[in-house]
Structure formats: C-alpha cells, structure tokens
Amino acid sequence: MIAYLLGRGDQVPSDDGWLLPAEEATLAGLAHVKRRGDWRLGRWIAKRAVAAATGVLPAHVEIRAGHDGAPYACRAGVPMAATLSISHSAGVGLCVVAMPPVDIGCDLELVEPRADVFEQDWFTIAERKLVDAAAHRDHDIMVTLIWSAKESALKATHAGLRRDTRTVVVDVVGDAGVDGWGNVGVRDRAQGTRLEGWWRLDGRFVITTACASMPDPPSPLGDSMFVL
C-alpha cells in the first residue's frame, strides 16, 4: 500500500499540545519562524497520515528524523511498520506512507515561473530537451515536474539535496491518466538503478512520488482533509 495525505498550514492547531515531548524539544531548537511553521505543518500531516494508514491514534505517533534526516514514525519509542516521506510548499503539506521495505520519496511544488539559469544549473541536457518539447503553456509545469521528481527520487535514496541533482535524471514523463496521475521514471546515474513513480497536477501544485517499484499510483487516505 502506498497512500498520501494533503493538508494546509491554517489547519494546524495554534498550540503545541498535539506534539510529544521529544517533538516539542526539536521545535524549540528551530529559531526561524518559517522553518518552525513548515516543520509543524509537516509533522501534523505526517502524524495523521501514519495514523490513517496504520489505525494508530495520531496522539500516539511520533515523527523522528534519522541520522540522514529522513523522517520515520515511532510509537512509544519503537519504530512503526510504515515508511514515509514529507514535503511542503506555499503553506500546503504532503505526506506519503508506504509499508516496509519500500523506501518512498515524495515532493510537492508550487508551479511558478523559474529563470532559465535554474534549468542550466540543475537539469541535465536530456531533461532540458524534455522541457523544450513541452508546449509553451506547459513550460512551467514541466520544469516544476522534473525538479519535483528529482527531489522525490533523492528522498527515496535517503540522499536529499546533499547530492548533485544532475545525478538523477528524469527520462519518462507520461501523460496524466483518467485518475489524474501520470508515470514518471528517474534514472539514478550514481547508483546505476532506476526509480519509478507518479505525478499529478492539483490546482497550482505538482505532486510526485518515487520508489524502486510503484506499479499503481498512491491512493488518497480515507481522512484526506484537503483537496487542492
């Protein structure tokens, strides 16, 4: 099972009573207001996503960060049988949950114009050709999609943006199907492996997912609170 949950920052409670002590301690160490807001949104969405996927109450779910920064879920200090990935953009949060041993990555990006230098700095020549082949009205969507798929792939490998984004190459972008999802394929040049995933356009946002094998698109969790 691979499923996802979306939520908005204005849905997050203003108090911190929903955080467990260790989570409150982590929050206290974050100085910048935006970083604190993004962190709270990510944890709030992740707790509810894991709870919906496993049947555990959100109040019993703790979201920790591993040594590589990747989030994982615990209950009473014991890691739970769920893997997850978190993303946020422009006040919206996303969490994708899978069952082990699947390593999952997800990303949520606001579609907006980016300078040409962005593609030159972060995309491969092959990816820039994909952008050039897109219709003019779809240019910003394609740039956002490729960047988002790279982020998802690097999260799935537990590397994040510590690696050069050009070491993962988006080489397949399928059209969105009837259910709104399209295939996306990412080649990991550093590891010699391939990741599969899905993408969709929801309102002003692009959502992508990636893992070693994902034959079906992620399903919305039953208590999904927000539709883009």
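The values are calculated or read from the model by the stated rules, or taken from the named source; none is laboratory data. All values reported here derive from a predicted model rather than from experimental measurement. Cβ sites come from the backbone with ideal geometry, for glycine too, and all protein chains shown count toward neighbours. Heads up: the accessible areas ignore ligands, DNA and RNA and are worked out on the full protein's heavy atoms, side chains in. Shrake-Rupley method; radii C 1.70, N 1.55, O 1.52, S 1.80 Å.
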query: Any idea which of ARG187, ARG194, ARG166, ARG128 is at pLDDT 95 or above, more than 28 Å from LEU5 (Cα to Cα) and of a type in the set (Lys, Arg)?
result: ARG128
query: Looking at ALA159, is it more than 26 Å from GLY9 (Cα to Cα), modelled with pLDDT under 90 and either open to solvent by less than 30 Å² (accessible area, probe 1.4 Å) or of a type in the set (Phe, Trp, Tyr) (or both)?
result: yes
- prompt: From ALA25, ALA59, ALA52, which residue is open to solvent by 10 Å² or more (accessible area, probe 1.4 Å), among the hydrophobic types (A, V, I, L, M, F, W, C) and touching an Asp or Glu at 6+ places or on another chain (Cβ under 6 Å)?
  reply: ALA52
message: What's the number of the only condition in (1) without any contact (Cβ under 8 Å) to a residue 24 or more places away in the chain; (2) within 24 Å of THR208 (Cβ to Cβ); (3) small (Gly, Ala, Ser) that GLY37 fails to meet?
response: (1)
message: Step by step: first the residues of segment 67-103, then only those that are assigned to a loop (DSSP other than H, G, I, E, B) and free of Cβ contacts under 8 Å to residues at least 24 places away in the same chain, then the one that is farthest from LYS150 (Cα to Cα). Which residue is that?
response: ALA76
field: Flag for TRP181 being touching a Lys or Arg at 6+ places or on another chain (Cβ under 8 Å) and more than 26 Å from GLN120 (Cβ to Cβ)
entry: yes
Filter result for GLU112 (farther than 25 Å from ALA53 by Cβ and part of a loop (DSSP other than H, G, I, E, B)): yes
- request: Check segment 95-117 and report whether any residue there is farther than 17 Å from GLY182 by Cα, surrounded by 12 or more Cβ atoms within 10 Å (Cβ to Cβ), at pLDDT 95 or above and in contact with a Pro (Cβ under 8 Å, 6 or more places away or on another chain).
  value: no
query: Going by the conditions given, is ARG8 open to solvent by 10 Å² or more (accessible area, probe 1.4 Å), among the basic types (Lys, Arg) and free of Cβ contacts under 8 Å to residues at least 12 places away in the same chain?
result: no
- prompt: Pick from segment 28-41 the residues that are of a type outside the set (Phe, Trp, Tyr) and either touching a Ser or Thr at 6+ places or on another chain (Cβ under 8 Å) or part of a loop (DSSP other than H, G, I, E, B) (or both): which of them is most open to solvent (accessible area, probe 1.4 Å)?
  reply: HIS32
- prompt: List pairs: first in segment 44-62 and modelled with pLDDT under 95 and of a type in the set (Val, Ile, Thr), second open to solvent by 10 Å² or more (accessible area, probe 1.4 Å) and assigned to a loop (DSSP other than H, G, I, E, B), Cβ under 9 Å, 6+ apart or cross-chain?
  reply: none
message: Can you tell me which condition SER14 does not meet? The list is (1) in a loop (DSSP other than H, G, I, E, B); (2) open to solvent by 40 Å² or more (accessible area, probe 1.4 Å); (3) touching a Leu at 6+ places or on another chain (Cβ under 9 Å), and all the others hold.
response: (3)
